[in-house]
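Below is one structure, written out as structure tokens, with a few remarks after it.
The values are calculated or read from the model by the stated rules, or taken from the named source; none is laboratory data. Every value quoted in this text rests on a predicted model; they were computed, and no experiment measured them. Using ideal geometry, Cβ is built from the backbone for each residue, glycine included, and neighbour counts are taken over all protein chains shown. Heads up: the accessible areas ignore ligands, DNA and RNA and are worked out on the full protein's heavy atoms, side chains in. Shrake-Rupley method; radii C 1.70, N 1.55, O 1.52, S 1.80 Å.
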There are 4 protein chains.
Amino acid sequence: MSDPASPRQLRFDSDALAAFIDQSFPPAARPAFGRIVSVAPDHVRMQLDPGPDMIRPGGIVSGPTLMGLADVAAWAVVLAHVGPVAMAVTNSLAITFLRACQLDAVIADARLLKLGRRLATVDVRLWQGDEQRLVAQATVGYALP
Amino acid sequence: MSDPASPRQLRFDSDALAAFIDQSFPPAARPAFGRIVSVAPDHVRMQLDPGPDMIRPGGIVSGPTLMGLADVAAWAVVLAHVGPVAMAVTNSLAITFLRACQLDAVIADARLLKLGRRLATVDVRLWQGDEQRLVAQATVGYALP
Amino acid sequence: MSDPASPRQLRFDSDALAAFIDQSFPPAARPAFGRIVSVAPDHVRMQLDPGPDMIRPGGIVSGPTLMGLADVAAWAVVLAHVGPVAMAVTNSLAITFLRACQLDAVIADARLLKLGRRLATVDVRLWQGDEQRLVAQATVGYALP
Amino acid sequence: MSDPASPRQLRFDSDALAAFIDQSFPPAARPAFGRIVSVAPDHVRMQLDPGPDMIRPGGIVSGPTLMGLADVAAWAVVLAHVGPVAMAVTNSLAITFLRACQLDAVIADARLLKLGRRLATVDVRLWQGDEQRLVAQATVGYALP
């Protein structure tokens, strides 16, 4: 085995990963999950342009919208490294909301913290405008088959 | 102050709470959040009948659907005790997924663990069929204004 | 397989579990972990009588003391059901602190939420004086070998 | 107010922060918390050299030891920015254990994700040998007075 701390090899490029995600969810659910911006070793970036059905009281983007984005971005970075055969299921997700999320583009940076044989752990940071201006941080655990 | 460990007084009954939730979210988002089943001191029960747009790969109910249900149930039990004036925002949510969620009714039992002046903490258990057969457990923190 | 929602069989009684925990940790670390009060299907209760080295600023019991107690109680309820052969390691722990913990006995109630083949999830509630008066709640995930 | 995403001003240098932590805990508890390596805007690094009483079954550093280190490192980075007057208490801590922790030096990098008026959120990464080789990641929430 290679050093587990070294960057891992990709099994999907950006277009192939986007196509795989598209075909994995019902079309009605798809818009809520945003789109792939880039795929790199240990890192997938996604972007969501929130729609009017994603608003919560106060005119801000709802928590469930952000949790859905964090979850799909974490899933995408796992898939990018294990490929389409594996059926990963979310085991746990812990999110902290840091700032109100405005009705603008939200970026999700999902980075692999550890890709084990049975469990993968992903750090996801959601931000708007400036990478340092976080809207939320999530740590997501995936069980691999 | 009353003993913080004693049951707290309700500010909403079931119908009023349901009406308040209905008016707080966009109609398009509303079906994803389920409906109020019962409201009691320290406890709100909700039920979601998952639709076809809530499916994820494997034909099971998606994680974001369950996180959205846990979040709204936690919000409902906080509102039930602080009333409509307060604008509570989710501060953190930690969920563990325990079993695949089938395309059947999902019950969410949200119970107040602590209602402080500035923070409320809620335990949410999602189950299908049998109260002991958990689909997920979440601990949700709310910041009170 | 038996119904996963039914109570599980015990592999340890209270004395055997206490002896196994005693021999598993260095004697110097042992006092920080409390003692077994009772062992029942899906439930282990432990008690910690905090010592002067467990205090944090403000004269209250420190967070790390409570996290250690939650972790060992969760480990104990897993061991009670999988037996001494299995080497369970903590995968994740999410704790919310709800009230200041006084220098009195702390009870930890650890309950199995799910005992799967590869992962176990445990709910732990720490309280003082009254079962409803929670000091902290933790959800602990264990990876089974 | 300054831009909340900009680096924040320090209220403590490394020596002053170390002295404040030393006087805040009982001497008997102090060794378990490691020592300050560096203090910079939004970032405190600590180091723990684990002792024989910090071992768990398997000869590795115990989870409670790592949780205690994560907690004190998160507290240190908050203190470094709010100063000695403020009495911050841990509100929540969510940790994922990623690799077995050997009996060698453990580094804790605590970084402020958000320093609000009432809540601070800190990302803590524990590693050995190589910054990319994480032993654990924790997200810690502090309530500010």
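What do you reckon, is C:Val77 in contact with a strand residue (DSSP E or B) (Cβ under 6 Å, 6 or more places away or on another chain) and open to solvent by 40 Å² or more (accessible area, probe 1.4 Å)?
no
Those residues that are open to solvent by 10 Å² or more (accessible area, probe 1.4 Å) and not charged (D, E, K, R), I need them from the stretch D:85-101; list them, please.
D:Val85, D:Ala86, D:Met87, D:Val89, D:Thr90, D:Asn91, D:Ser92, D:Ala94, D:Thr96, D:Phe97, D:Leu98, D:Ala100
Return only the number of the condition from (1) under 24 Å from B:Pro52 (Cβ atoms); (2) of a type in the set (Val, Ile, Thr); (3) at pLDDT 95 or above that A:Ile21 does not satisfy.
For A:Ile21, the failing item is (3).
Take B:Thr65 and tell me if it is at pLDDT below 95 and either within 24 Å of C:Gly116 (Cβ to Cβ) or over 15 Å from the mean Cα position of the chain (by Cα) (or both). Working first, answer last.
Values: at pLDDT below 95: yes; either within 24 Å of C:Gly116 (Cβ to Cβ) or over 15 Å from the mean Cα position of the chain (by Cα) (or both): yes.
Spelling it out, B:Thr65 is indeed at pLDDT below 95 and either within 24 Å of C:Gly116 (Cβ to Cβ) or over 15 Å from the mean Cα position of the chain (by Cα) (or both).
If I filter the stretch D:116-136 for residues that are within 10 Å of another protein chain (Cβ to nearest Cβ), aromatic (Phe, Trp, Tyr) and surrounded by fewer than 24 Cβ atoms within 10 Å (Cβ to Cβ), do I get at least one hit?
Yes: one or more hits.
When the residues of the stretch A:24-54 are narrowed to those that are surrounded by fewer than 18 Cβ atoms within 10 Å (Cβ to Cβ) and of a type in the set (D, E, K, R), which ends up modelled with the lowest pLDDT?
A:Arg30
Within the stretch D:32-47, which residues are of a type outside the set (A, V, I, L, M), touching an Asp or Glu at 6+ places or on another chain (Cβ under 9 Å) and at negative phi?
Residues of the stretch D:32-47 of a type outside the set (A, V, I, L, M): D:33-35, D:38, D:41-43, D:45, D:47.
Then keep just the ones that are touching an Asp or Glu at 6+ places or on another chain (Cβ under 9 Å); that gives D:33-35, D:43, D:45.
Correct list: D:Phe33, D:Arg35, D:His43, D:Arg45.
Which one is farthest from C:Ala32 (Cα to Cα), of the residues in the stretch C:55-64 that are free of Cβ contacts under 8 Å to residues at least 40 places away in the same chain and open to solvent by 20 Å² or more (accessible area, probe 1.4 Å)?
Out of the qualifying residues, it is C:Pro57.
If we scan the stretch D:6-19, do we find a residue that is within 9 Å of chain C (Cβ to nearest Cβ) and in contact (Cβ under 8 Å) with a residue 12 or more places away in the chain?
no
D:Leu69: buried (at least 20 other Cβ atoms within 10 Å of the Cβ) and either of a type outside the set (Gly, Ala, Ser) or over 24 Å from B:Tyr142 (Cα atoms) (or both), yes or no?
yes
Got a number for residues in the stretch D:1-18 being open to solvent by 40 Å² or more (accessible area, probe 1.4 Å), out of contact with any Pro (no Cβ under 9 Å at 6 or more places or on another chain) and at pLDDT 75 or above?
Qualifying residue count for the region: 2.
Restricting the search to the stretch C:126-145, which residues are touching a strand residue (DSSP E or B) at 6+ places or on another chain (Cβ under 6 Å) and small (Gly, Ala, Ser)?
C:Ala136, C:Ala138, C:Gly141, C:Ala143 - these are the residues of the stretch C:126-145 that are touching a strand residue (DSSP E or B) at 6+ places or on another chain (Cβ under 6 Å) and small (Gly, Ala, Ser).
Does B:Asp104 qualify as being surrounded by fewer than 22 Cβ atoms within 10 Å (Cβ to Cβ) and of a type in the set (D, E, K, R)?
For B:Asp104, the condition - surrounded by fewer than 22 Cβ atoms within 10 Å (Cβ to Cβ) and of a type in the set (D, E, K, R) - is met.
Among the candidates B:Met67, B:Met54, single out the residue that is in contact with an Asp or Glu (Cβ under 8 Å, 6 or more places away or on another chain) and under 29 Å from A:Ala88 (Cα atoms). Quick ask: steps written out before the conclusion?
Working: B:Met54 fails: in contact with an Asp or Glu (Cβ under 8 Å, 6 or more places away or on another chain).
Of the residues listed, the single one that is in contact with an Asp or Glu (Cβ under 8 Å, 6 or more places away or on another chain) and under 29 Å from A:Ala88 (Cα atoms) is B:Met67.
At pLDDT 95 or above, under 23 Å from B:Ser92 (Cβ atoms) and either open to solvent by 10 Å² or more (accessible area, probe 1.4 Å) or at the interface with chain A (Cβ under 10 Å from one of its Cβ atoms) (or both): is that true of D:Val82 in this structure?
Details: at pLDDT 95 or above: no; under 23 Å from B:Ser92 (Cβ atoms): yes; either open to solvent by 10 Å² or more (accessible area, probe 1.4 Å) or at the interface with chain A (Cβ under 10 Å from one of its Cβ atoms) (or both): yes.
Answer is no for this residue.
Report whether or not B:Leu113 is at the interface with chain C (Cβ under 9 Å from one of its Cβ atoms) and either among the hydrophobic types (A, V, I, L, M, F, W, C) or crowded, with 24+ Cβ neighbours inside 10 Å (or both).
Yes; evaluated as a whole, the condition is true for this residue.
Applying the selection to the stretch B:22-71, what residues are over 24 Å from C:Gln132 (Cα atoms), facing chain A (nearest Cβ under 10 Å) and aliphatic (A, V, I, L, M)?
Within the stretch B:22-71, B:Ala28, B:Ala29, B:Ala32, B:Met54, B:Ile55, B:Ile60, B:Leu66, B:Met67, B:Leu69 meet the criteria.
Six or more apart or on different chains, Cβ under 8 Å: which pairs go from a residue in the stretch C:85-108 that's facing chain D (nearest Cβ under 10 Å) and within 12 Å of C:Arg133 (Cα to Cα) to one that's among the charged types (D, E, K, R) and open to solvent by 20 Å² or more (accessible area, probe 1.4 Å)? Could you list them?
C:Leu98/B:Lys114
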